[in-house]
Each structure stands twice: as structure tokens, then as C-alpha cells.
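Below is one structure; the comments refer to it alone.
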Amino acid sequence: MMRTAISILKKDLRMEFRSKESILAMWIFSLLIFVIFNFTFEVSRLVMLEIAPGLLWVAFVFSGMFGLNQSFALEKENGNLRAMALMPVDGGQIYVGKFLSVTIIMLMFEALIFPIFIIFYDLHLSLGMFKLIPVILAGTIGFTSLGTILSAVAVHTRNQQILLSLLLWPLVSPIIIWSVTLSGMVLSGEVTEAFYPLLLRVGAFDVIFFTLSYMLFDFILED
Amino acid sequence: MSVPALEVLGVSKDFGRIIALRGVSFSVQSGEFVSILGRNGAGKTTLLNIVSGVSRPSEGEVKLFGTDPSDRENKAKLAVISHEMFLYGNLTALENLQYYSRIYNVPDSKERIEAVLNDVELTHRRFDLVATYSRGMTQRLTIARALLHEPSLLLLDEPFTGLDQHAIGMLIALLKMQKEMGRTIVLTTHDLHTAAELSDRYLVISKHKIVKDGLMSGTNPETIRENFFSAETGGIQS
């Protein structure tokens, strides 16, 4: 059942590793954000700790937009989007393949950029920081599960990038805001009892977005 | 009587105020080679999109092998060749074919890939990125990709566009081979000579509807040309 999804994932990752187009663009863009913010504002460490989670997620999601746009842009090339619609498979499987490839590429980029973030903002690594892993995972999955299907919608239009932003931001905002709040708790070392319920809420949104997208993807592929 | 490979029953399609097809009806029997002739914008590509299940008609119905074209079983029996390549430039020919063989669950895929690459004379370039191929080579690989899962019905939308003489000759030879193998083929083209050489039957589509449905046997291209123009200006003939 997962054969189609795995085939699409392998194909996308092979193409990404060959060109490194998305990861490089995402990495450079994030680096620019960190450099600009670091050298423009001279603020105390306390203030920096307050704005750092927001900066981290600005870098993640704005760079993630590159990945999302790229994901279906390469399918549009040479009519491969139409080839997908012709495949004798469940549209949901195609969605899972594309979702997995976008998510893995974004997580790899996040793993590469996070050490730079730590260095630039002089944050101290501690065991407590491991709590960022489920936060980043949940926030990223929410962003990519919704972003993948909306990217497939937007790719049919001329103004793909604008439409994707217009559709994605209002819907994904709650997840991003909660992820920033959760990251703030971890980075400041003040993980309160509100942490896990909020993380669970992000997870619940992930499940809803993923399930709806899986079910609706067949309709998106049609003309 | 056996179920036709393709039945198009009163199909109309509009995109808002733009009419693409009006009340189109015809059927294609298994093993038949039918050419659909018409000018640009006549509705040929829209018709093939509907037949392949990628697009839904505004009115009417299409049946592939007696059932809905969007059925997964039907999609597995279908292949489309058009001016769009359905290939990834950043993968090699072999990687492209391996990808499609997994999607279409092709049995003995290794042997089958070798066979289709051999048919289109691209074995020596199988490890090269498709982005480095010429237009003719890419179209040959497109044909290999389409034939990989041994489809029962081939839909060809202007497949000769942009090809050199060598590639056209190879495609014609491959299509003749597919016809001999009993595959059902529907071709849209402007090229009356090629249509006359390959087809059993031809349809003329003009102003979004079928205006001529004729047998090809013994008909030379000039007669088709005359029929084509008289059908376009005159009215329905059969």
C-alpha cells in the first residue's frame, strides 16, 4: 500500500540530493535572517531569549516555503503532474509521498541550521533542549501536511507562490504561534505545565490536517 | 458482442463561457487504431483529457472497457503520449523507468526496462540524465515510459510535434508494432499522411464536435484532406 508513497519519496530525495536546490536555498535564506537580526539589533541576552524562538520559526517557515514551492514545481515540469493524475494509484498515496519528501527535506534543513542559530544567539545547550525535538517535529509536520496539499492546489495557477502564501498563512498560523510559544519555553528553560497540553494541541492539528489532506488529494489532481 | 475499449457518449465540456466540446459521441473497438483530426483549438486535447480520466466532462459519459475511466484498473491499462514528456530531467533514463515500473507494478521490471530501452534505441544512454537528451531522444524515452506497463489502450496527443524524421520514423514503426500486437490506439494529429498510414478509422473534430467518422482503408490522404475541409465547412457526413 505504501509502495507508491515510498517510490515518490525516493525519487524526490534522489533529485534533491543531486541538485541540492531546495536545501541550499533554504539554508542561505535562514542564514541571512540570522545574520541580519544578529547584527542589526544589539539587545541584552534576556531580550534575545524572548525573540529567539520567533526568529527560529521565521527562518523555518519562510525557508520551508521554498521547499513547498519547489516540491510541486518540479512535478509541473514536463507535465509530471498530469502523469500523477494518470497513475493507477490512490491520490492519498501520492500525497503521503510528497508530504514525506517535503517534511524530510525540511527537517534536514532544520538540523543543519539549528547549530548556526545556537552559535549566533549564544544559547547554551542543555539536556532540557531535547524538548525542542518534539516541538520542531510537530510544528514542521503541521506546516508541511497543510503546505503539501495547498502547494498542489497553487501549482495549477500562474501566481503559484503568492497563492500558496495567501492560502497557507491564515490556516497554519495557530500551529506556528503555538510552536513559537513552546520553543520559547524550552529555550528559556521555563517549561511550565502548559507545555504538554499545548504540544498535544499542535499534534492534534497535525492529525486533522494530514487526514483531511490525504482524503482530499484525489480531487486536487483532477483538472 | 464484446465491450468497446472506449465509448464516448454525448460528451460536452465547457470552461466557464468557453465551450471546448459539444455532444461528442463515438466508440472505439478493441484493437482498432483511430485518428482524430482537427485544427488547433478544435477540442482534441480536451477530449483525450476526458477519455484518460484526468478531466471530467460537463455533460455526457465516457466508458473505458465498460467502466469509469478514473477506475484504478482502467488507469493501469492506459498510457498517454503527448508533447508533455512525463519525465524528470534530473533523473537518468533508467531511474525514470524504474520509478514508473514501481508505480505501475510492472512484473519482471528489470527485463521489461531493458526491452523498452532497446526498442527505442536508448540502451547506451540509460545512465545519462534526461536533461541532457535531445528533443527526439526525450520523446523516444517518453514512448518507452508509456509502453513499459504494456497498456491495452494508447492515447497519443500530437506525439510527432517537434520530432526529427528519424524519431518520427521510429515512432511510426513502434505504433505499427503496437497495432499488430492488438493494442487499441487513439491518435490526435494534424498530419493526414501519418494518420492515413497508421489508422483503421478517422474522426474529424471541428468547432468542438465530431463532423466526420470514416473508414481509412483504401482512402488516400488527399481524399481525407478533401473530406476534412468539406466536413469543416459543410456539415456532418458519415
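Within the range B:90-113, no residue satisfies the criterion of being of a type in the set (Gly, Ala, Ser) and at the interface with another protein chain (Cβ under 7 Å from one of its Cβ atoms). Checked against the criterion of being away from chain B (no Cβ under 14 Å) and either under 27 Å from residue A:178 (Cα atoms) or in contact with a Cys (Cβ under 7 Å, 6 or more places away or on another chain) (or both), the range A:69-76 contains one or more residues that satisfy it. The criterion of at least 2 residues that are touching a residue at least 12 places away in the same chain (Cβ under 8 Å) and more than 24 Å from residue B:83 (Cβ to Cβ) is met by the following strands (runs of 3 or more DSSP E) wholly inside the range B:184-228: B:209-215. Considering only residues in the range B:188-238 that are of a type in the set (Phe, Trp, Tyr) and surrounded by 14 or more Cβ atoms within 10 Å (Cβ to Cβ), the one that is modelled with the highest pLDDT turns out to be B:202. Summed over the range B:3-57, residues that are more than 14 Å from the chain's Cα centre (by Cα), of a type in the set (Gly, Ala, Ser) and over 17 Å from residue B:82 (Cβ atoms) total 7. Looking only at the range B:64-93, residues that are outside any loop (DSSP other than H, G, I, E, B) and among the small types (Gly, Ala, Ser) come to 3 in all. Residue B:131 meets each of the listed conditions (1) under 20 Å from residue B:189 (Cβ atoms); (2) part of a helix (DSSP H, G or I); (3) in contact with a Gly (Cβ under 7 Å, 6 or more places away or on another chain); (4) of a type outside the set (D, E, K, R) apart from (1). Number of residues in the range B:46-81 that are more than 7 Å from chain A (Cβ to nearest Cβ), hydroxyl-bearing (Ser, Thr, Tyr) and surrounded by 21 or more Cβ atoms within 10 Å (Cβ to Cβ): the value is 1. Checked against the criterion of being over 23 Å from residue A:129 (Cα atoms) and polar (S, T, N, Q), the range A:30-52 has at least one qualifying residue.
The values are calculated or read from the model by the stated rules, or taken from the named source; none is laboratory data. Keep in mind that what you see is a predicted model, and the values were worked out from it rather than measured. Positions of Cβ are backbone-derived with ideal geometry, glycine not excepted, and every protein chain shown enters the neighbour counts.
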